[in-house]
Structure formats: structure tokens, C-alpha cells
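Participant: Here it is: the structure, laid out below.
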Amino acid sequence: QVRLAESGGGLVQAGGSLRLSCTASGSISSINTMSWYRQTPGRQREVVAHILSGGNTYYTSSVRGRFTISRDNAKTTLYLEMNSLRPEDTAVYYCKCRSVRDDDFWGQGTQVTVSS
């Protein structure tokens, strides 16, 4: 079992920056891939970025070049550095990890609001 807790959300003006953090606890040695997702009301949760155990990263096209996903070597903390934020980035952002047994664990989410 892995427990995840996000922090760092808030209100920012368009063009600004925020840094999200996700702290993992529990069976962290079983963590393989870690990801950020986001969701707006009435829409499906979508992947924003993920980082593989070897460090390779993936970004959805709308955030590529503006967002950076990273994690510490102990896999206890996942980060999402968000720059040049746009109103359309407004969403609840969720941290997710997938274990080596393909079990998914989610955090409770943190709200990011970008004002125009």
C-alpha cells in the first residue's frame, strides 16, 4: 500500500508559476512509475506527465515545454514545476503511482486555479 499526499496548489495569474509536490509513504520500494493527472468538472481525468523508474519522462502536448516532472532518488517525493501557466491549466491535479505489480494509488488532489 502506498499513500500519496499532494501540496502546492493555489491561485496564480496567467503567466505565473507553481510547484506541486507529492509525498509518498508506505511501500515506496514497490513504486515504479509516478504521474501527474488533472481533472476539470465534467471532463475525464487526463494525464499531464509521468516519469518512469529509469527517469524517462512523458508530457502531454499541451504542457510540453512549460511543465517539468521530477522526483527525488528515494522516490519519496514527486514534483511538477509549472511555468507560463494558462487559464486552461486550471484543474484539480492528482498524483498517481503504479507499483511493480501494476497497482495504482492516487492522492487526494490539489486545486490549481489560473486567473486571466
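The values are calculated or read from the model by the stated rules, or taken from the named source; none is laboratory data. Because the structure is predicted, anything quoted here is derived from the model rather than measured. All Cβ positions, even for glycine, are placed from backbone atoms using ideal geometry, and neighbour counts span all protein chains on display. SASA here: full protein model, heavy atoms, side chains in, ligands and nucleic acids out. Shrake-Rupley method; radii C 1.70, N 1.55, O 1.52, S 1.80 Å.
Participant: If R₀ is 35 angstrom, what is the calculated FRET efficiency for the pair Arg101 and Gln13, using the beta carbon separation as r and rounding to 0.05?
Facilitator: 0.25
Participant: Keeping all protein chains in place, calculate the accessible area per residue for the chain (probe 1.4 angstrom), answer in Å².
Facilitator: So the chain comes to 52 Å² accessible per residue, rounded to a whole number.
Participant: Rounded to a whole number, what % of the accessible area of the chain do carbon and sulfur atoms account for, probe 1.4 Å?
Facilitator: That fraction is 43 percent.
Participant: Output needed for the chain: three equivalent-ellipsoid semi-axes, defined as square roots of 5 times the C-alpha gyration tensor eigenvalues, in descending order, whole Å.
Facilitator: For the chain, the ellipsoid semi-axes come out as 24, 14, 12 Å.
Participant: If you place +1 on the Cβ of every Lys and Arg and -1 on the Cβ of every Asp and Glu, how big does the dipole about the Cα centre of the stretch 2-99 come out, in debye to the nearest 20?
Facilitator: With Lys and Arg at +1 and Asp and Glu at -1, about 180 debye.
Participant: Long-range amide H contacts for Gly16: which residues qualify at under 5 Å (H placed 1.01 Å from N, peptide plane, sequence gap of 5 or more or a different chain)?
Facilitator: Leu85
Participant: Under the 0.36 nm per residue contour assumption, what length would be gained going from the current alpha-carbon distance of Ser53 and Ser84 to full extension?
Facilitator: Difference between extended and current length: 8.4 nm.
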